[in-house]
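Colleague: Quick one: the structure is below, and I'll ask about it shortly.
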Amino acid sequence: MISENSLALARDLIMSPTGLANQDIDRVMAELLSAPLDDADIYFQSSRCESWVLEDGIIKEGSHSIEQGAGVRGVSGEKTGFAYSDDIELNPLLDAARNVTRIARSGSRGTLAPVTSRSRAILYRPIDPLQSIPDSEKVSLLNRIDRETRKLDARIEQVIVSLVGVHDVVLVVGQDGRQAGDVRPLVRLNVSVIVEQNGKRERGSAGGGARTDYRYFTDEDRALEYGREAVRQALVNLDAVAAPAGNMVVVLGPGWPGILLHEAIGHGLEGDFNRKGTSAFSGRIGERVAGDLCTVVDDGSLPERRGSLNIDDEGVMTQNTVLIENGILKGYMQDKLNARLMGVQPTGNGRRESYAHLPMPRMTNTYMLPGPHDPEEILQSVDKGLFARNFGGGQVDITSGKFVFSASEAYLIEKGKITRPVKGATLIGNGPDVLTRVSMVGNDLEFDSGVGTCGKDGQSVPVGVGQPTLKIDGLTVGGTSV
Amino acid sequence: MTNKAPLLFQDQGLLQLRERVDELLREARSQGASAAEAGIGIEGGLSVTARLGEVETIENHKSQSLGVTVYFGRRKGTASSTDLSSKAIRETVTSACTIAGYATEDPHAGLPEPDQLATEFPDLDLNHAWDLGVDEAIELAVECEDSARHYHSDITNSEGAGVDTHQGMRVLANSLGFNHGYISTRHSLSCSVLGQRGNSMQRDYWYTVSRDSRDLESARRVGEKAAERTLGRLGARTLSTRQCPVIYTAECASGLIGHFIGAIRGGNLYRKSSFMLDCLGKQVFPEFIRIHEQPLLSKALGSSNYDSEGVRCRTRDIVSEGVLNGYVLSSYSARKLGMQTTGNAGGVHNLMVEPAGGSQAQLLQQMGAGLLITELIGQGVNTVTGDYSRGAAGYWVEDGEIAFPVEEITVAGNLRDMYRNIVAIGSDMDVRGNIRVGSVFIEDMTVAGG
Ligand SMILES: [Zn+2]
């Protein structure tokens, strides 16, 4: 069950070392609620992170970091007061609470609907991945990846392997004193290679991760598969010719190319932008924004996925939220503040980078459901176009709706067949209408391997994406070949 | 109310921090490290935003962290913590030592050569605390947003205006006897508004940032510029795919120069993941280009006497007459390359590209017809090959004058060619960042559109 165990563990991990008692927390909350606020919370966090880097065949660097503190928030109408402390002690927290209450000059004590208490099985085990295997095994894992990857091809010049583990423990105290806790493991491994052939160099990179322990990488030989994938991508790009420039049919491969959804529609459907009317999607619930083969959801409740959370950073249980159903815009992603102001229920999307940041509506795992088409059939239907299989990052202007995402592995499609690899190129489109040009949806839904990080207002959070193979009937490809 | 920004650091605090960082070094030695480097930073500040004429958020910032790197011979380990207590110091050092125990001997690892450490510490005038109350901050943010919202009836909505003031205190020490610190401030004002005309909804922003609040642009001016920029974008359309000349506005050009600095950084060079390998002493820009580093500028945002290892920063020409004179190196990357550190662990300090070619208006005249880029989005830069492809928005220019706004286009080329094909550098230098450059005129790029 999500509730008691995680809460007890989170309380133990955060509070025991500090000596802060329940009545101290009550005092801080009482200080907050001495002002006429609509909502208030205290967010305690204790986070440990380690990273190991192998380069030039040696374990070159390792680091370990501890971040802990508490953020205190008060909300009055549309106004938010916020302060935090790196010391989880009574006096700094009382000071923080006093600073926060300044916001509440015109507050009207609200009638906030209590968040429904449900329970379900936990999505990931409340473990400490840093302790999951001895340090010596972490080091030998990196060495083994390096050795095995270098064996793959004589053209490999450089192999860099990095391993990161996070043990993040949070405790959210609501205005009613109710507490919710979560222990969030996260591991990530990345392999990047440089290959050289006749003076030409290229890079390839692959990796993955999940909310589990380091054994994830040795299971099914995943780690070595990342190495093979990085080398494959780099070698493909050695032969790449200039990418085409202009508007054309684009087929996106399954999995990580789902950052299309994240950029083109995901950010534009976050509650804050829509409450303020600053998104190209504002006020468009019930309208057609995609082809009828398209159903898109944001689901923070997928077991062990990088973007998943048992509860969001406001203590609300995560869920599967339908954003677009058969092409019709259905809903937005909400935190508590924006849900209240828009008169809807929070969707478990209130997230924050840390106790030192304010929560806001953020994505979790955003993906499109599979459609009816065989991926092979989709390629065969294209006379001339681009097949994009892997991507770097993306970005969006939520107001104009213009978004980009940059292909790192792409091919020309000629007469229904994949022909030559082309150099990476940025693809640009308009969020509110790109999905209306989706004419075929594959039956091959895949999720990314667990590598995504989303940035918004300077805050980074781990996210996931997924999609089946997609055919888009027109998208601008930013190559150099006119 | 007269609540002030929460922290004002004094020299006394700096002395205490320098003692604390010595405790870290002593602890490292007592746990067996043969050498160590340590740093502590404390910062505080106030951020206020206003939207639609009213305060929206008030944030009080106060954070602290310590970090330590230990060496056991040529083996290295690093650890950090947000807890500055003596207990945390012991535990952090232990974590770093444990990691070093698993690291491999790296012949190039270690502290800088002692003769490279900074020995002179002139006052760079970086500390100008802003005595700003919460109420004054709110008033300023409201004034800024008001001037944008009331600028024109096509300004229809707002993301708000913000006022930020920050003060930080950092010390750095190593077991070679280096132990120094300084206090610095950073203040900014920003505004972002939306405009609407017909079906076109656009947003743009402006900001001003400075060490000294008296050097900030006025709240009113920041708001007006945000409004002007938003209005300029209304009615934007795409362009057909073409080859054409391009001018990057100053704020976009700093990224372009940033890619160059990335390519001559030691880390990318020794990993052979740069499109500027083996370019030292070679012509990489046209002859009229000079790029130099000015780390000791008074009050500037990138100023520092020493880099993140304590190595003295150097005033130097990185590119003169278009020829690459030097790389951007830390002690480690320099050793890997068989060279000497350039005082750039952590990056460059106040990089300046000398103007060559007049005002932006003169550059537009010289270009005649072409693209003026005012915004770039996405990553799209391959540092190994120099291949460049990014999303863009801006204006189409005819006869040297802005004709209409454009969006949903990409600009692409290869950075090596783009640098060689620079025609002029405008005199409209943007001084808000660590890279100072004016508008950059490039002869020819591929523009893709709908
Ligand atoms: Zn994002």
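The values are calculated or read from the model by the stated rules, or taken from the named source; none is laboratory data. A quick note: this is a predicted structure, and the numbers were derived from the prediction, not measured. Note: ideal-geometry Cβ built from the backbone for every residue, glycine included; neighbour counts use all protein chains shown. Protein only, heavy atoms only, side chains kept; ligands, DNA and RNA dropped before computing areas. Shrake-Rupley method; radii C 1.70, N 1.55, O 1.52, S 1.80 Å.
Colleague: Can you classify the protein assembly as shown as rounded, prolate or oblate using the Cα gyration tensor, where a ≥ b ≥ c are the square roots of its eigenvalues, rounded means a/c under 1.5, and otherwise it's prolate if a/b beats b/c and oblate if not?
Modeller: Rounded, because the longest to shortest axis ratio a/c is under 1.5.
Colleague: Given the pairs A:LYS138/A:LYS423; A:LYS402/A:LYS423; A:LYS456/B:LYS336; A:LYS336/A:LYS402, which are separated by over 32 angstrom at their Cα positions?
Modeller: Over 32 Å apart, Cα to Cα: A:LYS138/A:LYS423; A:LYS456/B:LYS336.
Colleague: Roughly how many whole Å is it from the C-alpha centroid of region A:152-196 to that of region B:53-104?
Modeller: What the calculation gives is 18 Å, centre to centre.
Colleague: While we're looking at this one, here's another question. How large a share of the accessible area of region B:296-407, in percent, is made up of carbon and sulfur atoms when the probe is 1.4 Å and the other protein chains stay in place?
Modeller: Numbers: 1770 of 3700 Å².
Carbon-and-sulfur percentage of accessible area, whole number: 48.
Colleague: Test of understanding: what is the full-extension gain from B:GLU321 to B:ASP154, defined as 0.36 nm times their sequence separation minus their Cα-Cα distance?
Modeller: 55.4 nm
Colleague: Ok, one more. In deg cm²/dmol, rounded to 500, what helix-only [θ] at 222 nm does chain A give when every DSSP H run of at least 4 residues adds -39500 (n - 2.57) and the total is split over its residues?
Modeller: My calculation for chain A gives -6000 deg cm²/dmol from helical runs alone.
Colleague: Could I ask something else about it? Using a 1.4 Å probe on the protein heavy atoms, what percent of the accessible area of region B:7-233 belongs to carbon and sulfur?
Modeller: On the way: 4300 of 9400 Å².
Roughly 46 percent of what the probe reaches on region B:7-233 is carbon or sulfur.
Colleague: Related question: Expressed as a whole percentage, what fraction of the accessible surface of region A:426-482 belongs to carbon and sulfur atoms when a 1.4 Å probe is rolled over the protein heavy atoms?
Modeller: Whole-percent figure for carbon plus sulfur exposure: 43.
Colleague: Now for a different question. Between B:LYS299 and B:LYS272, what FRET efficiency comes out of the Förster formula 1/(1 + (r/R0)^6) with R0 = 41 Å and r the beta carbon distance, rounded to 0.05?
Modeller: It comes out at approximately 0.60.
Colleague: Return the residues of region B:402-419 for which accessible area with all protein chains present is lower than in the chain on its own by 20 Å² or more; set the probe to 1.4 Å and exclude ligands, DNA and RNA.
Modeller: B:GLU407, B:GLU408, B:THR410, B:ALA412
Colleague: Give me the Å³ per residue figure for the convex hull around the C-alpha atoms of chain A.
Modeller: 144 Å³
Colleague: If you filter region A:367-459 for GluC sites (Glu not before Pro), then keep DSSP loop positions with at most 16 other Cβ within 10 Å, what is left?
Modeller: In loop regions of region A:367-459 (DSSP not H, G, I, E or B), there are no sparsely surrounded GluC sites (Glu not before Pro).
Colleague: Take the cross-link list A:LYS276/B:LYS62; A:LYS60/B:LYS87; B:LYS225/B:LYS299; A:LYS200/A:LYS384; B:LYS76/B:LYS272; A:LYS384/B:LYS282 and give me the ones stretching past 32 Å between alpha-carbons. Write down the numbers at each step before the final one.
Modeller: Working: A:LYS276/B:LYS62 29 Å; A:LYS60/B:LYS87 28 Å; B:LYS225/B:LYS299 24 Å; A:LYS200/A:LYS384 28 Å; B:LYS76/B:LYS272 23 Å; A:LYS384/B:LYS282 42 Å.
Exceeds cut-off: A:LYS384/B:LYS282.
Colleague: Taking 0.36 nm per residue of sequence separation and subtracting the Cα-Cα distance, how much length would be gained by fully extending the chain between A:ASP383 and A:ASN443, in nm to one decimal?
Modeller: 19.5 nm
Colleague: Quick one: grab the alpha carbon gyration tensor of region B:121-269, order the square roots of its eigenvalues as a ≥ b ≥ c, and give me rounded if a/c is under 1.5, else prolate or oblate depending on whether a/b is larger than b/c.
Modeller: oblate
Colleague: What does the extension gain come out to for A:ARG288 and A:LYS415, with contour length at 0.36 nm per residue minus their alpha carbon separation?
Modeller: Value of the extension gain: 42.6 nm.
Colleague: Once you order the gyration tensor axes a ≥ b ≥ c over the Cα atoms, which shape class does region A:165-316 get: rounded for a/c under 1.5, otherwise prolate or oblate by comparing a/b with b/c?
Modeller: Oblate, since a/c reaches 1.5 and b/c is not below a/b.
Colleague: Between A:THR18 and B:HIS292, what is the label-point separation in nm under the 7 Å Cα-to-beta-carbon projection?
Modeller: So the two model labels end up 5.2 nm from each other.
Colleague: Going by a 1.4 Å probe on protein heavy atoms, which residues of region B:196-218 end up with at least 40 Å² less accessible surface in the whole assembly than in their chain alone?
Modeller: When all protein chains are present, B:MET201, B:ARG203 each give up 40 Å² or more of accessible surface.
Colleague: May I ask you to derive the FRET efficiency for B:ASP22 and B:SER200 from their Cβ-Cβ distance with R0 = 41 Å, giving the value to the nearest 0.05?
Modeller: 0.10
Colleague: A follow-up question, please. Suppose only helical runs count, i.e. DSSP H with n ≥ 4. What mean residue ellipticity at 222 nm does that imply for chain B under -39500 (n - 2.57) per run, divided by all residues and rounded to the nearest 500 deg cm²/dmol?
Modeller: Numbers: 9 runs with 108 residues, N = 450.
One gets -7500 deg cm²/dmol as the mean residue ellipticity at 222 nm.
Colleague: Right, next: Could you do me a favour and compute the accessible area per residue for region B:63-211, 1.4 Å probe, result in Å²? Intermediate results must be reported in sequence, preceding the final value.
Modeller: Numbers: 5940 Å² over 149 residues.
Solvent-accessible surface per residue comes out at 40 Å².
Colleague: Another question, if that's okay. What three numbers, in Å, describe the spread of the alpha carbons of region A:244-296 along their principal axes, ordered from the longest?
Modeller: 38, 24, 22 Å, listed from the longest principal axis down.
Colleague: Setting aside same-chain residues fewer than 8 positions from A:LYS417, which aspartates and glutamates have a Cα under 14 Å from its Cα?
Modeller: Once the sequence-local aspartates and glutamates are set aside, what remains near A:LYS417 is A:GLU376, A:GLU377, A:ASP383.
Colleague: Excluding ligands, DNA and RNA, what is the solvent-accessible area per residue of region A:225-300 at a probe of 1.4 Å, expressed in Å²?
Modeller: Working: 1900 Å² over 76 residues.
Per-residue accessible area for region A:225-300 comes out at 25 Å².
Colleague: Computed FRET efficiency, Cβ-Cβ of A:ASP128 and B:GLN362, R0 45 Å: what is it to the nearest 0.05? Display every interim value, and only then the final one.
Modeller: Details: r = 62 Å, r/R0 = 1.38.
Plugging the Cβ-Cβ distance into 1/(1 + (r/R0)^6) gives 0.15.
Colleague: Looking only at other chains, what is the average number of their beta-carbon atoms within 10 angstrom of each beta-carbon in B:78-87?
Modeller: 5
Colleague: Sticking with this one: Charges only on Cβ, +1 for Lys and Arg, -1 for Asp and Glu: so what's the dipole of region A:311-354 about the Cα centre, in debye to the nearest 20?
Modeller: Its charge dipole is roughly 120 debye.
Colleague: Using a 1.4 Å probe and counting only protein heavy atoms, how much accessible surface gets buried when B and A come together, both sides summed, in Å² to the nearest 100?
Modeller: Values: alone 19810 and 19280 Å², together 33170 Å².
Separately minus together, B and A give about 5900 Å² buried.
Colleague: Alpha carbon centre of region B:372-450 versus region A:336-407: separation in Å?
Modeller: Cα centres, region B:372-450 to region A:336-407: 27 Å.
Colleague: Here's another thing I want to ask about it. Short version: which residues of region A:77-96 lose at least 50 Å² of accessible area, all chains versus chain alone, 1.4 Å probe?
Modeller: A:LYS79, A:PHE82, A:TYR84, A:ASP86
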